[in-house]
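A.B. asks: Following this message is one structure expressed as structure tokens.
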Amino acid sequence: MLKINNATKSFAGIVAVDGCSFEIKKGTISALIGPNGAGKTTLFNCISRIYPIDSGEIIYKDRRLDLMPTHKIARLGIGRSFQITRTLDHLSVTENLVLHTAGGIGSHLLLPAITMENRQKAGEIMEFLGISALADMDMGSLSFGQKKLLDLGTVLMADPELILLDEPAAGVNLRLLEDIIEKLVTLKNQGKTIFLIEHNMDLVMEISDEVIVMSAGMIIAQGQPTEIQKNAEVLDAYLGTNA
Amino acid sequence: MISLICLPIVQFFGNYNYVIHMVLFSFLYITMSSSWNIIGGYGGFISIGHNVFFGIGAYFSGFIYARYGISPFYTAVFAGMIATVFGFAIGLITLRVKGPSFIISSIALLMIFRTLFDRWELVGGAHGITLPHNTLSVEWSKIPHYYALLILMVLSIYLSWYVRHSKFGLALRSISHDEIKSEVTGINIKIIKVTAYALSAYLIGAAGAIWGDYLTYVRPNIFFIILIAANMVLMCILGGKGTVTGPIIGTIVMIFINEFILANFGASELNIFFTGLLMILTLLYFPDGIIGSLKKRKLLPGFLDWG
């Protein structure tokens, strides 16, 4: 579904993503792991084309994402969240959720910001995430965990086929973590493809079908969670020794 | 609204030109601050050169009036269109940057236009264009401008309200706080920004055409001065930028205070001192402007809460 071919990205001589190649299969949950600074978020930013890649290809359903402007990628059915939640605090919760409906160019931009249909859909998503009570609150008054869930909500609102999540479990408490895991599995069962960056190994090993390990900009291993756990190179990258 | 439509009746009972002047002057600035609010308030691009469009509108209609005798009342619609076209072209260049860089580029834009019109002989250079007076008697000579500016003001408030509550406005408000998030969500940030900028130029251009006719002259040192743009910005900040009613309230308060000081203390420039003082006090006690801060504290009366 998503295919990365030899993608490279460097910043002023420092190679952040170094010739990465892998493929994400439809209907799976894949995790991208690796030590801090390995280039995981940069790779995500290349997929969303927040950064253009220097060389290589990023292909989604036979379309070259690396040649496409950022806003068009969203409209192909790719949604993403950010490591540091980027909710818009000066907008209401519902406005945050319906943001994707203001995408593109056309007469739909003249419609009211939140139509009845949008409101209904936002209600469904909030119910799915178990945060219906937040509907009328100000975004700025929400807690970190609530924003984290809403961030996932804004991604789901657009009904994407491929969901990119940058550390969905970072900084959330155990109960919320269980919630998030449950939601992700439900989404997978609904046929969505999920690609996530995560440091929480329990989560990664529990839900992933495939794990991709990145270190110093390169893909050093790819495989099922059980294989990855035994991979010497991976342990080396994480622990920094040849233990 | 009805009282505003009926106000000119006072002229039957005497000469209230001063009142008429102050009210139509307020119409002018509400039109401009509400229009500015679209790009500056909702979009977050603080343009301190927005009176460029005011000047473009005035020069366009003034030139046609002086040369071909077609009144600016007929050409104001086209003056707005010309301003919009310039808005698109300028926006495509200046909106690539944001924050302080954008502010500086907007000031530079104003300077470019000032210099250009100061030296452009076809439109009279620094002397500008002198326009014929209308033939109405002194009590009634301001009335056509009064109604024209009233119409522009109503249109500008409606436009501002419409943008605020539309998906276009949602995209714009999203861009103002996080361009990357907006883009990743699917918003075409470039087109939205440039359209908002051009849209905000339309009524300012049309108002320029009417104002040129009102003054009976169009000169660079009247139209291309930073004071006009600074007023639009300050009025919006005072009332609450990014709200529909903020620019209206800000304009009224600022014009009233300015005029009150002028009337009581004469042309002593104390009005400038008090305007500054007012801004400091507002920013201290109403950091989001009068309307914005009242709304945040949930003290805003319903009739002023238009979003």
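A.B. asks: Using Cβ contacts closer than 10 Å as the measure, can you line up A:LYS9, B:LYS295, B:LYS167 from fewest to most? Each step should come with its number before you reach the end.
C.D. replies: Details: A:LYS9 22, B:LYS295 19, B:LYS167 25.
In increasing order of surrounding Cβ atoms, one gets B:LYS295, A:LYS9, B:LYS167.
A.B. asks: Under the definition of partner shielding as Cβ atoms of other protein chains within 10 Å of a residue Cβ, what is the mean value for peptide B:143-149? Walk me through the numbers before you get to the answer.
C.D. replies: On the way: counts 0, 0, 0, 0, 0, 0, 0.
Per-residue shielding by partner chains comes out at 0.
A.B. asks: Quick query: amide H of B:PHE45 versus all other amide H atoms, modeled in the peptide plane; which residues come in under 5 Å with a sequence gap of 5 or more or a different chain?
C.D. replies: Counting only residues 5 or more places away or on other chains, the set is B:GLY40.
A.B. asks: Between the range B:52-104 and the range A:163-227, what is the separation of their alpha carbon centroids in Å?
C.D. replies: The two parts, judged by their Cα centres, are 54 Å apart.
A.B. asks: Is there a quick way to get the dipole size of chain A? I mean about its Cα centre, with the Cβ of Lys and Arg at +1 and of Asp and Glu at -1; what is the value in debye to the nearest 20?
C.D. replies: Details: 22 positive and 29 negative charges, 127 e Å.
Value, rounded to 20: 600 debye.
A.B. asks: Treat the count of other C-beta atoms within 10 Å as a stand-in for reagent exposure and order B:VAL23, B:VAL77 from fewest to most.
C.D. replies: B:VAL77, B:VAL23
A.B. asks: Taking the Cα centre of chain B as the origin, how large is its charge dipole in debye, to the nearest 20, when only Lys and Arg (+1) and Asp and Glu (-1) carry charge on their Cβ atoms?
C.D. replies: Details: 18 positive and 11 negative charges, 154 e Å.
That gives chain B a dipole magnitude of about 740 debye.
A.B. asks: Straight-line reach from A:LYS230: which lysines fall under 24 Å, measuring Cα to Cα and dropping same-chain residues less than 8 apart?
C.D. replies: Within the straight-line limit of under 24 Å, A:LYS230 reaches these lysines: A:LYS25, A:LYS40.
A.B. asks: Which entries in B:LYS181/B:LYS295; A:LYS188/B:LYS295; A:LYS183/B:LYS193 show an alpha-carbon gap greater than 31 Å?
C.D. replies: Details: B:LYS181/B:LYS295 26 Å; A:LYS188/B:LYS295 42 Å; A:LYS183/B:LYS193 36 Å.
A:LYS188/B:LYS295; A:LYS183/B:LYS193, as the Cα separations exceed 31 Å there.
A.B. asks: While we're on this one: Can you put A:PHE82, B:PHE78 in order of Cβ neighbours within 10 angstrom, beginning with the fewest? Display every interim value, and only then the final one.
C.D. replies: Details: A:PHE82 22, B:PHE78 18.
Lowest to highest Cβ neighbour count: B:PHE78, A:PHE82.
A.B. asks: Just add up the charged neighbours of B:ASP288: K/R +1, D/E -1, any other residue whose Cβ is under 10 Å from the Cβ of B:ASP288.
C.D. replies: On the way: positive: B:LYS241, B:LYS295, B:LYS296, B:ARG297; negative: none.
Spelling it out: positives minus negatives among the neighbours equals +4.
A.B. asks: Work out the charge dipole of the range B:2-224 with +1 on the Cβ of Lys and Arg and -1 on the Cβ of Asp and Glu about the Cα centre, then indicate which of B:ASN51, B:SER61, B:LEU150 is farthest towards its positive end.
C.D. replies: Among B:ASN51, B:SER61, B:LEU150, the one farthest towards the positive end of the dipole of the range B:2-224 is B:ASN51.
A.B. asks: Whole Å is fine, so just give me how far the alpha carbon centre of the range A:11-78 lies from that of the range B:234-277.
C.D. replies: For the range A:11-78 versus the range B:234-277, the Cα centre distance is 52 Å.
A.B. asks: Taking every pair of Cα atoms in the protein assembly as shown, average 1/r, invert it to obtain the Kirkwood radius, and report Rg/Rh to two decimals.
C.D. replies: In the protein assembly as shown, Rg relative to Rh is 1.08.
A.B. asks: As a quick test, which of the pairs B:LYS142/B:LYS190; A:LYS26/B:LYS167; A:LYS3/A:LYS148 have an alpha carbon distance above 30 angstrom in this structure?
C.D. replies: On the way: B:LYS142/B:LYS190 41 Å; A:LYS26/B:LYS167 32 Å; A:LYS3/A:LYS148 28 Å.
Beyond 30 Å: B:LYS142/B:LYS190; A:LYS26/B:LYS167.
A.B. asks: Within 10 Å of each Cβ in peptide A:42-48, how many partner chain Cβ atoms are there on average? Round it to a whole number, please.
C.D. replies: Numbers: counts 0, 0, 0, 2, 0, 0, 3.
That works out to 1 on average.
A.B. asks: Additional query: Please find the FRET efficiency linking B:LEU122 to A:ASP54, where r is the Cβ-Cβ separation and R0 is fixed at 56 Å, and quote it to the nearest 0.05.
C.D. replies: Efficiency for this residue pair is about 0.65.
A.B. asks: Placing +1 at every Lys and Arg Cβ and -1 at every Asp and Glu Cβ, with all other atoms neutral, what dipole size does the protein assembly as shown have around its Cα centre, in debye to the nearest 20? Please report the intermediate quantities before stating the final value.
C.D. replies: Working: 40 positive and 40 negative charges, 240 e Å.
Magnitude of the dipole: close to 1160 debye.
A.B. asks: Which residue, B:THR185, B:THR115, B:THR75, has the most motion in a Gaussian network model of chain B that connects Cα atoms within less than 10 Å?
C.D. replies: B:THR185
A.B. asks: Using 0.36 nm times the number of residues separating A:ILE105 and A:THR226, minus their current alpha carbon distance, what extension gain do you get? Walk me through the numbers before you get to the answer.
C.D. replies: Values: separation 121, 0.36 × 121 = 43.56 nm, distance 4.64 nm.
In short, 38.9 nm is gained.
A.B. asks: Under a 10 Å cutoff between Cα atoms, tell me which one of B:ILE210, B:ILE48, B:ILE104 has the largest fluctuation in the Gaussian network model of chain B.
C.D. replies: Maximum fluctuation in the GNM of chain B, among the listed residues, is at B:ILE104.
A.B. asks: Hey, if you put +1 on the Cβ of every Lys and Arg and -1 on every Asp and Glu Cβ in the protein assembly as shown, which of B:GLY186, A:ALA170, B:THR94 ends up farthest toward the positive end of that dipole?
C.D. replies: About the Cα centre, the residue reaching furthest to the positive side is B:THR94.
A.B. asks: Here's another thing I want to ask about it. FRET efficiency for B:ILE9 and A:ARG75, Cβ-Cβ distance as r, R0 = 45 Å, nearest 0.05? Display every interim value, and only then the final one.
C.D. replies: Details: r = 56 Å, r/R0 = 1.24.
Taking R0 as 45 Å, the efficiency between B:ILE9 and A:ARG75 is 0.20.
A.B. asks: Taking A:LYS9 as the anchor, which aspartates and glutamates have their alpha carbon closer than 14 Å to its alpha carbon, excluding any fewer than eight residues away along the same chain?
C.D. replies: A:LYS9 reaches A:ASP18, A:ASP54, A:GLU57, A:ASP66.
A.B. asks: Could you estimate the translational diffusion coefficient of the range A:73-198 from the Stokes-Einstein equation, with Rh from the Kirkwood formula over C-alpha pairs, at 37 °C and 0.692 mPa s, in whole µm²/s? Don't skip to the end; give the middle numbers.
C.D. replies: Details: Rh = 14.8 Å.
Calculated translational D: 221 µm²/s.
A.B. asks: Quick one: among B:GLY43, B:GLY14, B:GLY124, which has the greatest mean-square fluctuation in a GNM of chain B with alpha-carbon springs under 10 angstrom?
C.D. replies: B:GLY14
A.B. asks: Let me ask another. Quick check on the protein assembly as shown: of the DSSP beta bridges with both residues there, what percent are antiparallel, nearest 5%? If you can, show how the numbers build up before the last one.
C.D. replies: Working: 23 of 39 bridges.
Around 60 percent of the beta bridges assigned by DSSP in the protein assembly as shown are antiparallel ones.
A.B. asks: I'd like the distance between the alpha-carbon centres of the range B:142-190 and the range A:133-162, rounded to an integer number of Å.
C.D. replies: Using only Cα atoms to place each centre, the spacing works out to 26 Å.
A.B. asks: Which one of B:PHE78, B:ILE222, B:HIS127 is farthest out on the positive end of the charge dipole of the range B:2-224, using unit charges on Cβ (Lys, Arg +1; Asp, Glu -1) and the Cα centre as origin?
C.D. replies: Most positive-ward Cα: B:PHE78.
A.B. asks: Is chain B best put as rounded, prolate or oblate by its Cα gyration tensor, with a ≥ b ≥ c the root eigenvalues, rounded for a/c under 1.5, and otherwise prolate when a/b is larger than b/c, oblate when not?
C.D. replies: Oblate.
Quick note: the coordinates plus some simple rules give every number you see, no bench work behind them. Since the model is a prediction, treat every value here as computed from it, not as a measurement. So basically every Cβ, Gly included, is an ideal-geometry build from the backbone, and we count neighbours across all protein chains shown.
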